[in-house]
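Structure record follows, encoded as structure tokens.
The values are calculated or read from the model by the stated rules, or taken from the named source; none is laboratory data. Quick caveat, the model's predicted, so the values are computed rather than measured. Counting neighbours? That spans all protein chains shown, and the Cβs are built from the backbone with ideal geometry, glycine included.
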Amino acid sequence: MFRLAEATPIATGHVREVYQHPDDADLLIKVIATGSIEERWNKAPWYRRMARSGPYKDFVREFREYVTGIYVGGYATSPIARVVGLEMTDIGLGQIVEKVRAPDGRLAPTLHDWVKAEGFTAKTQAELDEFYARLLSHNTIAADLHAWNVVYGEDSRGGPRLVMIDGFGEKNIIPHCSMNRAHNASRTRKKYERMLRRTKAEAPTAP
């Protein structure tokens, strides 16, 4: 069991806390925050608590999508950050993932932060086009495609490139995205175009 209760998360979100893996500098451990379990699971309506995996249903969903994407489009070009496995910690079940890094070794910046720092350039557009092509070729279900769920960096499969680190997998009760590839591609296009518009709109203007 990994002991994280006394550790400081290196990143936090609305639902999860991210910790450095204590034994491997290339890995991270994502843990569902206690407050999130209370608010999003224990207090949720009964129909949202039907999943057999309980508050860890997102781990199951994401692992399924990761495996499916590799099967469909291959390992090396997957647009999803590598999911390594699951391990128990002293603050709950942890999802082990590979760290996507910036050139200096720190966590890769989100698409939002990357554009805020460097502006929206021809390189940004080219990287987004390539990322979108990989989403389609792997038939990825990008449930929450936003600029803060995508990072720009490198890992053991190469880079730098854009990689989705969160928000992937089928969330719908009726899995219509899983059932029809053309339908999923259409939804992905709309989400990508929305993200693209927002990213451009939030980019700093040239002096």
Exactly one of (1) part of a strand (DSSP E or B); (2) within 15 Å of H138 (Cβ to Cβ) is unmet by T89. Its number? (2)
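Quick one: would you say E193 is over 15 Å from the mean Cα position of the chain (by Cα), closer than 21 Å to L107 by Cβ and acidic (D, E)? Before the answer, list the steps.
Details: over 15 Å from the mean Cα position of the chain (by Cα): yes; closer than 21 Å to L107 by Cβ: no; acidic (D, E): yes.
Here the answer is no, as E193 does not meet what is asked.
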R52 is checked against (1) among the charged types (D, E, K, R); (2) at pLDDT 95 or above; (3) in a loop (DSSP other than H, G, I, E, B) and fails just one. What number does that condition carry? (2)
May I ask you to list the residues in region 114-157 that are in a loop (DSSP other than H, G, I, E, B), touching a residue at least 24 places away in the same chain (Cβ under 8 Å) and farther than 27 Å from R64 by Cβ? G119, F120
K30 being of a type in the set (D, E, K, R), in contact (Cβ under 8 Å) with a residue 24 or more places away in the chain and farther than 18 Å from E170 by Cα: yes
Looking at G105, G94 in this structure, which one is buried (at least 20 other Cβ atoms within 10 Å of the Cβ) and under 30 Å from M1 (Cβ atoms)? G94
Please state which one of V97, V60 is of a type in the set (A, V, I, L, M) and in contact (Cβ under 8 Å) with a residue 12 or more places away in the chain. V97
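Taking the condition surrounded by 13 or more Cβ atoms within 10 Å (Cβ to Cβ), of a type in the set (K, R) and in contact with a helix residue (DSSP H, G or I) (Cβ under 8 Å, 6 or more places away or on another chain), does K171 pass? I'd like the intermediate steps shown before the answer.
Numbers: surrounded by 13 or more Cβ atoms within 10 Å (Cβ to Cβ): yes; of a type in the set (K, R): yes; in contact with a helix residue (DSSP H, G or I) (Cβ under 8 Å, 6 or more places away or on another chain): yes.
So K171 passes the test.
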So which of G105, G169 is small (G, A, S), in a loop (DSSP other than H, G, I, E, B) and touching a residue at least 60 places away in the same chain (Cβ under 8 Å)? G169
P160 vs (1) within 17 Å of the chain's Cα centre (by Cα); (2) more than 19 Å from A108 (Cα to Cα); (3) outside any loop (DSSP other than H, G, I, E, B); (4) not hydroxyl-bearing (S, T, Y): all pass except (2)
Tally up the residues in region 71-89 that are touching a residue at least 40 places away in the same chain (Cβ under 8 Å), more than 15 Å from the chain's Cα centre (by Cα) and under 20 Å from L27 (Cβ atoms), please. 5
Can you tell me which of (1) part of a helix (DSSP H, G or I); (2) over 18 Å from the mean Cα position of the chain (by Cα) is the one A44 doesn't meet? (1)
